[in-house]
């Protein structure tokens, strides 16, 4: 029984009307208005939190894309560095051959 109370469940519209009616009956219209205002504030806060979450998700996606670009550039830089090292080695070998041929 405790477990069933702890689990979230969908609200029954009829049950919601009954609860609202009971609240209205037990409390005055001022208290009911106060509760509605509190509910509206909670809904607004929830919307704000969802908007913030969406904004943060977009920022995260953007950062991941930027990271992918940087990784691609880094890979390209490594390849170019290897090509330059190979070209330098080939040039040095050519210089040595030229020096030997001139002797």
If the chain between residue 32 and residue 72 were fully extended at 0.36 nm per residue, the gain over the current Cα-Cα distance would be 8.4 nm
Once residue 55 and residue 93 are pulled to full extension, the length gained, defined as 0.36 nm per residue separation minus their Cα-Cα distance, is 8.0 nm
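Read the figures in this text as sums done on the coordinates, not as results from a lab. Small disclaimer: the values here were computed from a predicted structure and weren't measured.
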